[in-house]
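The values are calculated or read from the model by the stated rules, or taken from the named source; none is laboratory data. No experiment lies behind these values; they were computed from the predicted model shown. Note that we place each Cβ from the backbone using ideal geometry, even for glycine, and neighbour counts take in every protein chain shown. Side chains are part of the model used for accessible areas, which takes the heavy atoms of the whole protein and leaves out ligands, DNA and RNA. Shrake-Rupley method; radii C 1.70, N 1.55, O 1.52, S 1.80 Å.
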Amino acid sequence: MTLGLSLRVICGAILMAACVTVLSGQAVNAQSVLSRFLSELPASELSPQAESYGAIRDDIPVAPLLRGGEVIGHAFITSDFVGTTGYSGKPIHTMVAVDADARITGLALVKHSEPIVLIGIPESEIREMIAGYVGLDLVAEAEARGSAHDLDIISGATVTVMVIDDTILRAGLKVARALGLGGLSAQTDTGPTFEIDEAAEAPTDWLTMEGDGTVRRLSLDVGQVNRAFDELNDLRATARALTASADSTFIDMQMALVSVPAIGQAILGEAEYTNLSNWLEEGDHAIAVMGRGSYSFKGSGYVRGGIFDRIVLIQDDVTVRFRDRGHRRIGTIPMEDAPEFVERDLFKIPADSGFDPTKPFRLQLLVQREVAAIEKVFITFDLGYQLPNRYLRPVAPAAPVAKLAAETGLDEDAAQHALWRKIWDDKRLEIGVLAVMLAVLTLAFFFQMQLTRSEKAVRIFRYAFLTVTLVFLGWYANAQLSVVNLMALFGALTTDFSWQAFLLDPMTFILWFAVAAALLFWGRGAYCGWLCPFGALQELTNHIARALRVPQITLPWGLHERLWPIKYMIFLGLFGVSLASIEQAEHLAEVEPFKTAIILNFVRAWPFVAYAAALLIAGLFVERFYCRYLCPLGAALAIPARLRMFDWLKRYRECGNPCHVCANECMVQAIHPTGEINPNECLNCMHCQVLYQSKTKCPVVIKKLKRKGSTSDPGAFLKPREGLQNHPNHQPS
């Protein structure tokens with residue numbers, strides 16, 4: 001019995017030690033990223049004041065920066081502390097130097113695999129952007145929750161820049177807190193020791209709620225505000241003092257945490273509280289803010305920019321700014337003794353903000369005064385709030401394992417989730433337009449027989465859609481798919497797959513899912529023929545060239561058939577190289593001119609511009625030249641094209657024998673002389689479906705009309721349409 005108990009104790013101890021080892025993800029070991037790169041970058045290059053590095057600490061992967069033997073700062077690599085990956089699916093390793101005041105004194109990009117930097121944007125631009133973080137105050141960032149600085153976005157590298165920004169800030173704050181730099185302390189809390197009591201009851205009258213703290217109040221008269229501006233010692237502000245009576249109400253603002261059920265039901269009423277509950281998602285909270293007086297806590301800034309710029313919620317280093325989409329107005333307050341408020345509003349506190357309803361917080365009111373035509377001065381007043389104990393109940397302390405997880409900062413999933421959600425939120429306009437484009441194109445495909453009854457309607461629709469694809473999807477949103485995306489996906493599947501890297505670019509993510517679905521229905525043509533910005537650029541420029549009477553070249557079928565496999569060989573070559581070195585494959589993927597022509601708008605070194613221009617010039621004479629013969633992305637999408645479940649393109653038995661009208665007019669020669677449509681080459685332009693229903697070009701339709709006694713010219717099918725003799729693919733039918 002004693003032996004069995006001892007064995008259980010020993011096993012338990014071993015298990016606890018194993019848990020500690022697994023959860024201590026930030027513990028230093030020989031495999032830390034810092035240990036791999038420390039010898040490659042001299043200390044003086046990282047931080048000009050430093051002479052050398054000290055030994056890496058035993059507790060966290062940080063090396064002291066030394067000058068004359070004294071510690072003047074600390075060096076670390078972001079990827080040792082945060083796991084956010086870039087668009088390549090791999091971490092971006094940035095070495096950072098920080099001093100005792102928690103100010104960044106130097107940075108260096110030591111390793112990355114970002115394709116847009118490798119083969120698109122000069123790395124010097126990224127390094128220049130990173131250098132802008134020198135002098136960044138991490139204490140201020142902690143107080144402002146990472147929003148105390150302006151993000152310097154580089155066109156075409158938005159995702160990469162946001163990932164670098166996220167890793168520098170989060171890793172820097174972790175190091176500063178772990179070392180106590182700038183007065184920051186380690187976040188060792190295991191979470192709140194209280195939770196909201198769902199069964200609590202609120203007072204039934206407003207006066208009692210004001211008395212017990214359920215509702216908190218900030219009351220300012222004109223005299224108090226004038227005196228506050230006087231204390232700024234700005235004569236311009238003093239000269240523009242409010243002229244109303246000193247004891248008149250400037251603002252009487254009150255606040256309550258109405259996401260607490262008892263408070264919400266008392267202030268809003270049952271019906272309004274039910275609407276609030278339906279509006280809030282899991283983990284969200286909401287405050288009610290009511291006000292009266294000459295000053296509005298809302299102002300009018302939210303009408304122009306969507307942000308309420310006069311109030312901000314602050315709790316420790318959590319800062320919540322309210323936007324119009326997180327705002328609702330309140331109707332009548334159902335309490336008889338409630339004051340008559342001019343403004344009554346609800347503001348949502350998102351679940352991912354870090355807000356804890358059981359801890360004290362404050363609502364900061366910004367008061368502004370114009371002192372010149374375009375200049376204002378500001379003062380702030382705080383309305384503090386602490387949820388009364390009657391709405392709280394104690395909870396048991398966190399378990400040891402949970403405590404250890406909190407202390408080691410194992411919150412990467414939450415942080416990475418917050419990052420990509422922020423990116424998606426910022427891209428709402430682009431996502432909405434893309435969703436509309438996909439819906440319109442889907443309807444066009446499903447109802448193509450109705451659309452293709454009119455050649456003019458198809459032409460107008462196609463030109464309009466391709467223009468939107470080029471201008472909005474390409475040049476504005478930079479949503480140009482690339483074979484690099486496929487190589488990154490394959491690399492992720494063969495290593496540690498994570499959706500996070502792909503969710504960082506919402507437009508590309510949505511497009512790839514749409515392409516995957518379209519491949520099952522329509523093959524490669526849905527993307528290549530309609531949604532590819534570079535393809536749209538080729539087709540539109542070719543049609544402009546036709547209008548200017550630029551001669552068109554039709555390659556003989558035998559030569560054309562032997563040239564189109566080139567793109568498959570290019571794709572297979574890139575894929576093979578990627579198995580050995582994804583970086584080398586990304587360099588070779590420059591065979592795609594997309595980054596030059598679409599992402600960077602031809603603002604690039606002359607060899608890249610000359611290459612892209614040469615392809616476009618070739619496309620003036622041979623429509624969609626690059627798509628036909630060189631595009632590795634098109635080849636990759638064509639390989640599964642034969643797996644499509646439906647054959648939407650209608651044909652007659654006479655197609656190919658004796659009739660060749662469709663084959664003659666196919667812009668990419670995707671129709672064999674024998675009449676079959678090659679799904680690997682078809683771009684779904686719908687022109688063959690226009691001809692399928694044409695009463696003036698299709699011999700089968702004309703023959704049917706003749707049998708019905710149609711008045712159409714019996715020999716119409718023998719007459720090419722006006723100008724058809726000049727069509728590049730024209731042959732006798």
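Some points to look at:
- Residue check, N678 open to solvent by less than 20 Å² (accessible area, probe 1.4 Å) and at pLDDT below 90: yes
- Residues in the range 625-640 that are open to solvent by 30 Å² or more (accessible area, probe 1.4 Å) and either farther than 29 Å from A547 by Cβ or small (G, A, S) (or both): I639, P640.
So that you can scan it fast, the table gives a plain yes or no per residue for (1) farther than 29 Å from S353 by Cα; (2) modelled with pLDDT under 90; (3) out of contact with any Pro (no Cβ under 7 Å at 6 or more places or on another chain); (4) of a type outside the set (A, V, I, L, M):
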{"position": "G223", "(1), (2), (3), (4)": "yes, no, yes, yes"}
{"position": "A237", "(1), (2), (3), (4)": "yes, yes, yes, no"}
{"position": "D284", "(1), (2), (3), (4)": "no, no, no, yes"}
{"position": "G293", "(1), (2), (3), (4)": "yes, no, yes, yes"}
{"position": "V303", "(1), (2), (3), (4)": "no, yes, yes, no"}
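- Here Q31 qualifies as within 35 Å of the chain's Cα centre (by Cα), modelled with pLDDT under 85 and open to solvent by 50 Å² or more (accessible area, probe 1.4 Å).
- Apart from one condition, C655 fits all of (1) crowded, with 22+ Cβ neighbours inside 10 Å; (2) in contact (Cβ under 8 Å) with a residue 40 or more places away in the chain; the exception is (2).
- Annotation for the range 74-88: at least one member residue is open to solvent by 10 Å² or more (accessible area, probe 1.4 Å) and at pLDDT 90 or above.
- In the set D59, D101, only one residue is open to solvent by 60 Å² or more (accessible area, probe 1.4 Å) and modelled with pLDDT of 90 or more; that residue is D101.
- When I330, I267 are checked against the criterion of being surrounded by 20 or more Cβ atoms within 10 Å (Cβ to Cβ) and either over 30 Å from A176 (Cβ atoms) or among the β-branched types (V, I, T) (or both), a single residue qualifies: I267.
- Within the range 346-355, considering residues that are under 17 Å from L387 (Cβ atoms) and open to solvent by 20 Å² or more (accessible area, probe 1.4 Å), the one nearest to the chain's Cα centre (by Cα): G354
- Enumeration of residues in the range 414-471 that are closer than 30 Å to T160 by Cα and polar (S, T, N, Q): Q416, T467, T469
- The range 243-255 - residue that is in contact with a helix residue (DSSP H, G or I) (Cβ under 7 Å, 6 or more places away or on another chain) and in contact (Cβ under 8 Å) with a residue 24 or more places away in the chain and, of those, nearest to S296 (Cα to Cα): F250
- Tally, over the range 573-624, of residues that are over 21 Å from L473 (Cα atoms), crowded, with 22+ Cβ neighbours inside 10 Å and among the aromatic types (F, W, Y): 0
- Evaluated against (1) modelled with pLDDT of 90 or more; (2) over 25 Å from the mean Cα position of the chain (by Cα); (3) of a type outside the set (A, V, I, L, M), T94 falls short on exactly one condition, (2).
- The residues of the range 694-711 that are in a helix (DSSP H, G or I) and of a type in the set (K, R), listed by number, are K703, K704, K706, R707.
- Hits in the range 111-145 - residues which are modelled with pLDDT under 70 and surrounded by 20 or more Cβ atoms within 10 Å (Cβ to Cβ): S113, E114, P115, I116, V117, G120, I121
- When the residues of the range 702-733 are filtered to those that are modelled with pLDDT of 50 or more and touching a helix residue (DSSP H, G or I) at 6+ places or on another chain (Cβ under 8 Å), the one that is most open to solvent (accessible area, probe 1.4 Å) is K703.
- Flag if L643 is open to solvent by 20 Å² or more (accessible area, probe 1.4 Å), more than 23 Å from M569 (Cα to Cα) and aliphatic (A, V, I, L, M): no
- Segments classed as strands (runs of 3 or more DSSP E), wholly inside the range 338-397, with at least 1 members that are over 17 Å from V260 (Cα atoms): 343-349, 361-372, 375-385
- Selection status of A492, open to solvent by less than 40 Å² (accessible area, probe 1.4 Å) and modelled with pLDDT of 85 or more: no
- Considering residues of the range 542-557 that are of a type outside the set (K, R) and in a helix (DSSP H, G or I) only, the residue modelled with the lowest pLDDT: W557
- Among (1) surrounded by fewer than 16 Cβ atoms within 10 Å (Cβ to Cβ); (2) within 27 Å of R240 (Cα to Cα); (3) charged (D, E, K, R) - the single one D337 does not satisfy: (2)
- Residue match in the range 557-568 (condition: surrounded by fewer than 16 Cβ atoms within 10 Å (Cβ to Cβ) and closer than 30 Å to P91 by Cα): no
- Note on the range 513-528: residues that are within 24 Å of the chain's Cα centre (by Cα) and either under 16 Å from C666 (Cβ atoms) or among the polar types (S, T, N, Q) (or both) total 1.
- Which numbered condition G523 fails, given (1) of a type outside the set (D, E); (2) under 30 Å from L434 (Cα atoms); (3) assigned to a helix (DSSP H, G or I): (3)
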